[in-house]
Amino acid sequence: MFKNYTINQTILPLDMEQYIPETDVAFAVNALIEAIPHTLFNQLEQQLGRPAYHPKMMLKIILYAYTQRVFSGRRIEFLLEDSYRMRWLANHEQVSYRTINRFRSHKTTAQLLAEAFVLFRRQLITHQIIDNEAIFIDGTKIEADANKFSFVWRKATTRYEKLLDEKSEIFYQTLYQEEVLPCLKEENQSDGLTSDQLEEAANHLEA
């Protein structure tokens, strides 16, 4: 079983939530990851064993960091200390950049993070938050009540959605190769990750 992680049952994150604007993208990220079926996390546990932190929380902080164009593990770790949005998403957990990098470099979690990006971008376009040419959201606020966003974790069903997802997958590959992977390689000496491990994760995303 994963370490207990439930935002709604903890007092401090709820108190912190009142300082986050209703239009903040952190709410949309939270809603998206909460929509992931529990069966996927059960599969993760079978593959990874019981991690120190719930993968749901890890996905939230990494995806939110990406919306702010933060790709370095060290900078994500800093945001966990500096940003009340990140502290809310993390339920006040402090995660080292080494743990963050190892999590997002594993081929299974790397693929799940890519799927989250694709679905999130599809929803943002569907809600007319961004246009089809935007790679991702720009800034912390969106022109909608992000606290009321609802997501359904599903594959694309219409031709339009499939085309959106194909474009989003290309965008994510570019983002990963140009922004994420260089940060991982730069930090991998301290992380203990090998270049082969990083390339394996990158190749798995392209498969």
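Packing here is the average count of other Cβ atoms within 10 Å per residue, and on that basis the peptides 114-122, 159-167, highest first, run 114-122, 159-167. Using the Cβ-Cβ distance between GLU81 and THR6 with R0 = 25 Å, the FRET efficiency computed as 1/(1 + (r/R0)^6) comes to roughly 0.70.
Counting only other residues whose beta carbon sits under 12 Å from that of LEU119, what net charge do I get with K and R as +1, D and E as -1? Surrounding charge for LEU119 is 0. Neighbours of ASP165 by Cβ distance under 13 Å: Lys/Arg scored +1, Asp/Glu scored -1, total +3. Near TYR84: Cβ cut-off under 12 Å, other residues only, Lys/Arg at +1 and Asp/Glu at -1. The net charge is -3. Across the stretch 70-138, the mean sequence separation of Cα contacts (distance under 8 Å, 6 or more residues apart), normalised by length, yields a relative contact order of 20 percent.
All of the numbers you see were taken from the coordinates with simple rules; none came from a lab. As the structure is a computational prediction, the values presented were derived from the model and not from experiment. Note: ideal-geometry Cβ built from the backbone for every residue, glycine included; neighbour counts use all protein chains shown.
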